[in-house]
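Step one of this worksheet: look at the structure below.
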Amino acid sequence: MRIGVAALVVVAAASSIAPAATAAPSREDVLRAKAELDRLNQRVELLVEQFNQARLELAQIRSELADIRAEADRARAEADRAIAELNRNAALAYQGLGSQWAALLGAGSIAELSDRLEFIGSMAQADADLATEAARAEQRARWSAEALQEALARQQAIVERIRAKEAEIRQAAADARAYYEDLNRRYQDYLARLEAQQEAAAAQAAAEAAGQTAPASADAPLSPPPAPNPNVQAVLDAAYSVLGVPYQWGGASPETGFDCSGFTMWAWAHAGVSLPHSSQAQYDVLPHVSREDLQPGDLLFFYTPISHVAIYLGGGSMIHSPHTGSSVSIVPVYWQYFVGAARPG
(Lines give C-alpha, C1' and ligand atoms only; values in the text may rest on other atoms or scores of the structure.)
Protein backbone atom coordinates (compact mmCIF):
# COMPACT_ATOMS: atom_id res chain seq x y z
CA MET A 1 0.00 0.00 0.00
CA ARG A 2 1.45 3.36 -0.99
CA ILE A 3 1.64 6.34 1.34
CA GLY A 4 1.90 10.08 0.71
CA VAL A 5 4.94 11.59 -0.98
CA ALA A 6 6.07 13.45 2.15
CA ALA A 7 6.19 10.29 4.25
CA LEU A 8 7.83 8.43 1.39
CA VAL A 9 10.95 10.55 1.72
CA VAL A 10 12.09 8.35 4.60
CA VAL A 11 11.41 5.20 2.61
CA ALA A 12 12.98 6.64 -0.52
CA ALA A 13 16.08 7.72 1.34
CA ALA A 14 16.83 4.34 2.81
CA SER A 15 15.97 2.55 -0.43
CA SER A 16 18.91 4.08 -2.24
CA ILE A 17 21.44 2.33 0.03
CA ALA A 18 23.40 -0.59 -1.38
CA PRO A 19 22.55 -4.01 0.14
CA ALA A 20 25.72 -4.22 2.21
CA ALA A 21 25.70 -0.61 3.42
CA THR A 22 24.47 0.74 6.73
CA ALA A 23 25.51 4.40 6.42
CA ALA A 24 22.84 7.12 6.37
CA PRO A 25 21.66 8.03 2.86
CA SER A 26 22.79 11.30 1.35
CA ARG A 27 20.52 14.24 0.60
CA GLU A 28 20.99 13.50 -3.11
CA ASP A 29 19.73 9.94 -2.55
CA VAL A 30 16.61 11.29 -0.84
CA LEU A 31 15.91 13.89 -3.50
CA ARG A 32 16.46 11.43 -6.35
CA ALA A 33 14.06 8.84 -4.96
CA LYS A 34 11.47 11.46 -4.00
CA ALA A 35 11.64 12.99 -7.48
CA GLU A 36 10.95 9.60 -9.05
CA LEU A 37 7.94 9.07 -6.77
CA ASP A 38 6.67 12.56 -7.58
CA ARG A 39 7.03 11.82 -11.29
CA LEU A 40 5.06 8.57 -11.01
CA ASN A 41 2.34 10.17 -8.90
CA GLN A 42 2.00 13.13 -11.25
CA ARG A 43 1.68 10.83 -14.26
CA VAL A 44 -1.18 8.96 -12.57
CA GLU A 45 -2.89 12.26 -11.69
CA LEU A 46 -2.59 13.55 -15.26
CA LEU A 47 -4.03 10.32 -16.68
CA VAL A 48 -6.92 10.42 -14.20
CA GLU A 49 -7.80 13.98 -15.16
CA GLN A 50 -7.61 13.09 -18.87
CA PHE A 51 -9.96 10.19 -18.10
CA ASN A 52 -12.37 12.56 -16.34
CA GLN A 53 -12.23 15.00 -19.27
CA ALA A 54 -13.05 12.21 -21.72
CA ARG A 55 -16.06 11.21 -19.60
CA LEU A 56 -17.34 14.80 -19.81
CA GLU A 57 -16.95 14.69 -23.60
CA LEU A 58 -18.83 11.40 -23.70
CA ALA A 59 -21.74 12.88 -21.74
CA GLN A 60 -21.84 15.82 -24.16
CA ILE A 61 -21.83 13.66 -27.28
CA ARG A 62 -24.59 11.48 -25.84
CA SER A 63 -26.70 14.60 -25.34
CA GLU A 64 -25.99 15.60 -28.95
CA LEU A 65 -26.99 12.13 -30.13
CA ALA A 66 -30.35 12.46 -28.38
CA ASP A 67 -30.98 15.80 -30.12
CA ILE A 68 -29.93 14.43 -33.52
CA ARG A 69 -32.15 11.36 -33.15
CA ALA A 70 -35.10 13.59 -32.22
CA GLU A 71 -34.51 15.80 -35.29
CA ALA A 72 -34.19 12.74 -37.53
CA ASP A 73 -37.48 11.38 -36.19
CA ARG A 74 -39.22 14.73 -36.80
CA ALA A 75 -37.87 15.00 -40.36
CA ARG A 76 -38.85 11.44 -41.20
CA ALA A 77 -42.34 11.96 -39.75
CA GLU A 78 -42.79 15.15 -41.81
CA ALA A 79 -41.60 13.42 -44.97
CA ASP A 80 -43.90 10.45 -44.38
CA ARG A 81 -46.87 12.76 -43.73
CA ALA A 82 -46.23 14.81 -46.89
CA ILE A 83 -45.75 11.71 -49.05
CA ALA A 84 -48.91 10.12 -47.67
CA GLU A 85 -50.89 13.29 -48.41
CA LEU A 86 -49.46 13.43 -51.93
CA ASN A 87 -50.47 9.81 -52.50
CA ARG A 88 -53.96 10.51 -51.20
CA ASN A 89 -54.32 13.58 -53.44
CA ALA A 90 -53.06 11.64 -56.44
CA ALA A 91 -55.63 8.91 -55.83
CA LEU A 92 -58.43 11.47 -55.48
CA ALA A 93 -57.30 13.30 -58.60
CA TYR A 94 -57.25 10.06 -60.61
CA GLN A 95 -60.72 9.13 -59.38
CA GLY A 96 -62.08 12.59 -60.15
CA LEU A 97 -60.33 13.15 -63.47
CA GLY A 98 -63.57 12.70 -65.45
CA SER A 99 -65.57 14.99 -63.24
CA GLN A 100 -62.89 17.69 -63.55
CA TRP A 101 -63.15 17.60 -67.33
CA ALA A 102 -66.93 17.63 -67.06
CA ALA A 103 -66.74 20.63 -64.77
CA LEU A 104 -64.54 22.50 -67.25
CA LEU A 105 -66.67 21.61 -70.26
CA GLY A 106 -69.84 22.47 -68.35
CA ALA A 107 -68.77 26.04 -67.65
CA GLY A 108 -71.49 28.45 -68.72
CA SER A 109 -69.19 31.37 -69.48
CA ILE A 110 -65.57 32.37 -70.02
CA ALA A 111 -65.46 33.83 -66.52
CA GLU A 112 -66.79 30.62 -64.99
CA LEU A 113 -64.30 28.58 -67.03
CA SER A 114 -61.47 30.84 -65.82
CA ASP A 115 -62.56 30.41 -62.19
CA ARG A 116 -62.68 26.63 -62.54
CA LEU A 117 -59.24 26.56 -64.21
CA GLU A 118 -57.82 28.74 -61.43
CA PHE A 119 -59.27 26.39 -58.79
CA ILE A 120 -57.80 23.31 -60.49
CA GLY A 121 -54.50 25.17 -60.84
CA SER A 122 -54.45 26.06 -57.17
CA MET A 123 -54.94 22.41 -56.30
CA ALA A 124 -52.03 21.50 -58.57
CA GLN A 125 -49.86 24.19 -56.92
CA ALA A 126 -50.77 22.86 -53.47
CA ASP A 127 -49.63 19.42 -54.57
CA ALA A 128 -46.41 20.90 -55.95
CA ASP A 129 -45.78 22.69 -52.63
CA LEU A 130 -46.49 19.46 -50.80
CA ALA A 131 -43.99 17.64 -53.00
CA THR A 132 -41.37 20.32 -52.26
CA GLU A 133 -42.07 19.97 -48.54
CA ALA A 134 -41.69 16.20 -48.77
CA ALA A 135 -38.39 16.55 -50.66
CA ARG A 136 -37.01 18.98 -48.09
CA ALA A 137 -38.07 16.76 -45.21
CA GLU A 138 -36.44 13.79 -46.94
CA GLN A 139 -33.22 15.81 -47.32
CA ARG A 140 -33.30 16.83 -43.64
CA ALA A 141 -33.82 13.21 -42.69
CA ARG A 142 -30.78 12.21 -44.80
CA TRP A 143 -28.65 14.97 -43.24
CA SER A 144 -29.76 13.93 -39.78
CA ALA A 145 -28.86 10.32 -40.55
CA GLU A 146 -25.39 11.42 -41.70
CA ALA A 147 -24.95 13.58 -38.59
CA LEU A 148 -26.08 10.64 -36.47
CA GLN A 149 -23.50 8.36 -38.03
CA GLU A 150 -20.77 10.96 -37.49
CA ALA A 151 -21.80 11.47 -33.86
CA LEU A 152 -21.88 7.71 -33.27
CA ALA A 153 -18.36 7.45 -34.70
CA ARG A 154 -17.20 10.25 -32.38
CA GLN A 155 -18.84 8.51 -29.44
CA GLN A 156 -17.08 5.25 -30.28
CA ALA A 157 -13.75 7.07 -30.53
CA ILE A 158 -14.29 8.66 -27.09
CA VAL A 159 -15.31 5.31 -25.58
CA GLU A 160 -12.15 3.72 -26.98
CA ARG A 161 -10.10 6.63 -25.62
CA ILE A 162 -11.64 6.15 -22.17
CA ARG A 163 -10.87 2.43 -22.27
CA ALA A 164 -7.29 3.11 -23.31
CA LYS A 165 -6.91 5.79 -20.64
CA GLU A 166 -8.31 3.42 -18.03
CA ALA A 167 -5.71 0.83 -19.01
CA GLU A 168 -2.97 3.50 -18.84
CA ILE A 169 -4.12 4.55 -15.38
CA ARG A 170 -4.08 0.99 -14.12
CA GLN A 171 -0.59 0.45 -15.53
CA ALA A 172 0.76 3.77 -14.21
CA ALA A 173 -0.75 3.12 -10.78
CA ALA A 174 0.73 -0.39 -10.81
CA ASP A 175 4.15 1.05 -11.72
CA ALA A 176 3.95 3.58 -8.88
CA ARG A 177 2.81 0.91 -6.43
CA ALA A 178 5.56 -1.47 -7.52
CA TYR A 179 8.14 1.29 -7.13
CA TYR A 180 6.92 2.01 -3.61
CA GLU A 181 6.82 -1.66 -2.65
CA ASP A 182 10.38 -2.09 -3.87
CA LEU A 183 11.43 0.99 -1.88
CA ASN A 184 9.65 -0.28 1.18
CA ARG A 185 11.18 -3.75 0.94
CA ARG A 186 14.69 -2.35 0.67
CA TYR A 187 13.95 0.07 3.45
CA GLN A 188 12.86 -2.75 5.75
CA ASP A 189 16.03 -4.69 4.88
CA TYR A 190 18.08 -1.62 5.65
CA LEU A 191 16.34 -1.13 9.01
CA ALA A 192 16.94 -4.74 9.96
CA ARG A 193 20.66 -4.48 9.20
CA LEU A 194 20.95 -1.14 10.93
CA GLU A 195 19.10 -2.32 14.05
CA ALA A 196 21.30 -5.39 14.28
CA GLN A 197 24.48 -3.25 14.22
CA GLN A 198 23.52 -0.23 16.25
CA GLU A 199 20.00 0.03 17.67
CA ALA A 200 20.54 3.32 19.40
CA ALA A 201 21.94 5.01 16.29
CA ALA A 202 19.02 3.72 14.23
CA ALA A 203 16.50 5.18 16.70
CA GLN A 204 18.24 8.55 16.64
CA ALA A 205 18.40 8.58 12.82
CA ALA A 206 14.71 7.67 12.55
CA ALA A 207 13.74 10.45 14.98
CA GLU A 208 15.75 13.02 13.00
CA ALA A 209 14.29 11.83 9.69
CA ALA A 210 10.76 11.91 11.11
CA GLY A 211 11.31 15.46 12.37
CA GLN A 212 12.43 16.58 8.90
CA THR A 213 9.84 14.83 6.79
CA ALA A 214 6.69 14.46 8.90
CA PRO A 215 3.66 15.20 6.74
CA ALA A 216 1.82 18.40 7.58
CA SER A 217 -1.40 16.47 8.06
CA ALA A 218 0.00 14.91 11.27
CA ASP A 219 -0.63 18.16 13.16
CA ALA A 220 -3.63 19.22 11.12
CA PRO A 221 -6.45 20.88 13.06
CA LEU A 222 -9.48 18.72 13.75
CA SER A 223 -11.96 21.43 12.74
CA PRO A 224 -12.01 23.67 9.67
CA PRO A 225 -10.78 27.28 9.83
CA PRO A 226 -13.23 30.22 9.87
CA ALA A 227 -14.72 30.84 6.43
CA PRO A 228 -15.61 34.14 4.73
CA ASN A 229 -19.30 33.18 4.44
CA PRO A 230 -21.71 30.34 5.38
CA ASN A 231 -21.50 28.71 1.95
CA VAL A 232 -17.73 28.34 2.16
CA GLN A 233 -18.07 27.13 5.75
CA ALA A 234 -20.35 24.35 4.49
CA VAL A 235 -17.69 23.41 1.93
CA LEU A 236 -14.89 23.30 4.50
CA ASP A 237 -17.03 21.37 6.99
CA ALA A 238 -17.76 18.79 4.29
CA ALA A 239 -14.09 18.58 3.27
CA TYR A 240 -12.94 18.02 6.87
CA SER A 241 -15.62 15.38 7.40
CA VAL A 242 -13.90 13.08 4.87
CA LEU A 243 -10.31 13.41 6.09
CA GLY A 244 -8.74 9.98 5.69
CA VAL A 245 -11.11 8.76 2.96
CA PRO A 246 -8.95 6.86 0.44
CA TYR A 247 -8.07 8.14 -3.00
CA GLN A 248 -9.93 6.44 -5.85
CA TRP A 249 -9.57 7.61 -9.44
CA GLY A 250 -12.96 8.47 -10.89
CA GLY A 251 -14.42 8.61 -7.36
CA ALA A 252 -16.61 11.45 -6.11
CA SER A 253 -18.16 10.33 -2.81
CA PRO A 254 -17.10 9.10 0.64
CA GLU A 255 -18.50 5.67 -0.24
CA THR A 256 -16.36 5.24 -3.37
CA GLY A 257 -13.38 7.39 -2.41
CA PHE A 258 -12.23 10.55 -4.23
CA ASP A 259 -9.87 11.63 -6.93
CA CYS A 260 -8.75 15.26 -6.73
CA SER A 261 -11.50 16.88 -8.84
CA GLY A 262 -14.14 14.47 -7.51
CA PHE A 263 -13.27 15.68 -3.99
CA THR A 264 -13.57 19.40 -4.82
CA MET A 265 -16.76 18.75 -6.81
CA TRP A 266 -18.30 16.86 -3.88
CA ALA A 267 -17.25 19.45 -1.27
CA TRP A 268 -18.58 22.44 -3.21
CA ALA A 269 -21.87 20.63 -3.90
CA HIS A 270 -22.57 21.23 -0.17
CA ALA A 271 -22.80 24.95 -1.00
CA GLY A 272 -25.14 24.26 -3.93
CA VAL A 273 -22.40 24.74 -6.55
CA SER A 274 -22.20 22.24 -9.41
CA LEU A 275 -18.69 21.64 -10.77
CA PRO A 276 -17.50 19.37 -13.60
CA HIS A 277 -15.51 16.26 -12.65
CA SER A 278 -12.20 17.47 -14.11
CA SER A 279 -9.54 19.80 -12.70
CA GLN A 280 -8.97 21.46 -16.09
CA ALA A 281 -12.71 21.89 -16.67
CA GLN A 282 -13.15 23.37 -13.17
CA TYR A 283 -10.40 25.90 -13.90
CA ASP A 284 -11.99 26.75 -17.27
CA VAL A 285 -15.52 27.42 -15.97
CA LEU A 286 -14.75 29.36 -12.76
CA PRO A 287 -13.69 33.00 -12.22
CA HIS A 288 -9.99 33.19 -11.45
CA VAL A 289 -8.42 34.91 -8.43
CA SER A 290 -4.84 35.95 -7.82
CA ARG A 291 -2.58 34.33 -5.26
CA GLU A 292 -2.63 37.57 -3.25
CA ASP A 293 -6.44 37.48 -2.98
CA LEU A 294 -6.81 33.85 -1.93
CA GLN A 295 -9.31 33.02 0.81
CA PRO A 296 -10.45 29.74 2.40
CA GLY A 297 -12.57 27.66 0.04
CA ASP A 298 -10.86 28.80 -3.16
CA LEU A 299 -9.67 26.09 -5.51
CA LEU A 300 -5.94 25.77 -6.21
CA PHE A 301 -4.71 24.26 -9.48
CA PHE A 302 -1.34 22.63 -10.14
CA TYR A 303 0.96 21.47 -12.95
CA THR A 304 0.98 22.21 -16.68
CA PRO A 305 -1.24 20.95 -18.15
CA ILE A 306 -3.51 21.27 -15.11
CA SER A 307 -3.91 17.84 -13.53
CA HIS A 308 -4.50 18.48 -9.82
CA VAL A 309 -6.88 20.62 -7.74
CA ALA A 310 -7.19 21.28 -3.99
CA ILE A 311 -9.18 23.48 -1.60
CA TYR A 312 -7.31 26.35 0.05
CA LEU A 313 -7.62 26.55 3.86
CA GLY A 314 -5.61 29.69 4.50
CA GLY A 315 -2.24 30.06 6.18
CA GLY A 316 -0.45 28.27 3.33
CA SER A 317 -2.37 25.00 3.81
CA MET A 318 -4.74 23.09 1.57
CA ILE A 319 -6.92 19.98 1.76
CA HIS A 320 -6.96 17.54 -1.15
CA SER A 321 -7.16 13.93 -2.32
CA PRO A 322 -3.61 13.46 -3.61
CA HIS A 323 -3.00 10.21 -5.51
CA THR A 324 -3.31 6.43 -5.55
CA GLY A 325 -2.48 4.92 -2.17
CA SER A 326 -3.14 8.15 -0.27
CA SER A 327 -6.23 9.68 1.33
CA VAL A 328 -7.88 13.07 1.84
CA SER A 329 -5.35 15.06 3.86
CA ILE A 330 -4.14 18.54 4.82
CA VAL A 331 -0.73 19.60 3.52
CA PRO A 332 1.24 22.75 2.75
CA VAL A 333 0.30 24.28 -0.61
CA TYR A 334 2.43 22.98 -3.52
CA TRP A 335 3.53 26.49 -4.44
CA GLN A 336 6.29 25.15 -6.67
CA TYR A 337 3.64 23.56 -8.93
CA PHE A 338 0.92 26.22 -8.52
CA VAL A 339 -0.53 27.59 -11.79
CA GLY A 340 -3.71 29.39 -10.71
CA ALA A 341 -6.74 29.66 -8.45
CA ALA A 342 -10.49 30.05 -8.87
CA ARG A 343 -13.45 30.90 -6.67
CA PRO A 344 -16.68 28.89 -7.01
CA GLY A 345 -20.01 30.37 -6.00
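Can you spot a residue in region 256-270 that is surrounded by fewer than 20 Cβ atoms within 10 Å (Cβ to Cβ), over 26 Å from Asp175 (Cα atoms) and modelled with pLDDT of 95 or more? Write out each step before concluding.
Keep residues of region 256-270 that are surrounded by fewer than 20 Cβ atoms within 10 Å (Cβ to Cβ), which gives 256, 269-270.
Going one step further and asking which of them are over 26 Å from Asp175 (Cα atoms), we end up with 269-270.
Still in the running and modelled with pLDDT of 95 or more: 269-270.
Scanning region 256-270 turns up at least one residue that is surrounded by fewer than 20 Cβ atoms within 10 Å (Cβ to Cβ), over 26 Å from Asp175 (Cα atoms) and modelled with pLDDT of 95 or more.
Which members of region 334-345 meet the condition of being modelled with pLDDT under 95 and more than 17 Å from Val232 (Cβ to Cβ)?
Our first condition is that a residue be modelled with pLDDT under 95; within region 334-345, this holds for 334-337, 345.
The answer is Tyr334, Trp335, Gln336, Tyr337.
Quick check: anything in region 244-257 over 26 Å from Gln336 (Cα atoms), outside any loop (DSSP other than H, G, I, E, B) and of a type in the set (A, V, I, L, M)?
Within region 244-257 (the criterion being over 26 Å from Gln336 (Cα atoms), outside any loop (DSSP other than H, G, I, E, B) and of a type in the set (A, V, I, L, M)), the answer is yes, since at least one residue qualifies.
Examine region 222-232 for a residue that is β-branched (Val, Ile, Thr), in contact with a strand residue (DSSP E or B) (Cβ under 7 Å, 6 or more places away or on another chain) and either at pLDDT 95 or above or surrounded by 18 or more Cβ atoms within 10 Å (Cβ to Cβ) (or both), and state whether such a residue exists.
Keep residues of region 222-232 that are β-branched (Val, Ile, Thr), which gives 232.
Of the ones still in play, those that are also in contact with a strand residue (DSSP E or B) (Cβ under 7 Å, 6 or more places away or on another chain) are none.
Looking for residues that are β-branched (Val, Ile, Thr), in contact with a strand residue (DSSP E or B) (Cβ under 7 Å, 6 or more places away or on another chain) and either at pLDDT 95 or above or surrounded by 18 or more Cβ atoms within 10 Å (Cβ to Cβ) (or both), one finds none in region 222-232, hence no.
Among the residues of region 270-306, write down those that are more than 22 Å from Ile330 (Cα to Cα) and either among the polar types (S, T, N, Q) or assigned to a loop (DSSP other than H, G, I, E, B) (or both). Spell out the reasoning first.
Just the residues of region 270-306 that are more than 22 Å from Ile330 (Cα to Cα), to begin with: 272-274, 276, 281, 284-288, 304-305.
If the condition is that a residue be more than 22 Å from Ile330 (Cα to Cα) and either among the polar types (S, T, N, Q) or assigned to a loop (DSSP other than H, G, I, E, B) (or both), then Gly272, Val273, Ser274, Pro276, Leu286, Pro287, Thr304, Pro305 are the ones that fit.
Please go through region 233-255 and give me each residue that is of a type in the set (Gly, Ala, Ser), touching a helix residue (DSSP H, G or I) at 6+ places or on another chain (Cβ under 7 Å) and crowded, with 18+ Cβ neighbours inside 10 Å, ordered by number.
Within region 233-255, Ala238, Ala239, Gly251, Ala252 meet the criteria.
Looking at Asp189, Asp175, which one is over 30 Å from Ser274 (Cα atoms) and modelled with pLDDT of 70 or more?
Details: Asp189 fails: modelled with pLDDT of 70 or more.
On inspection, the qualifying residue turns out to be Asp175.
The values are calculated or read from the model by the stated rules, or taken from the named source; none is laboratory data. The shown structure was predicted, so the numbers you read here are calculated from the model rather than taken from an experiment. Ideal geometry is used to build each Cβ from the backbone, glycine not excepted, and the neighbour counts take in all protein chains shown.
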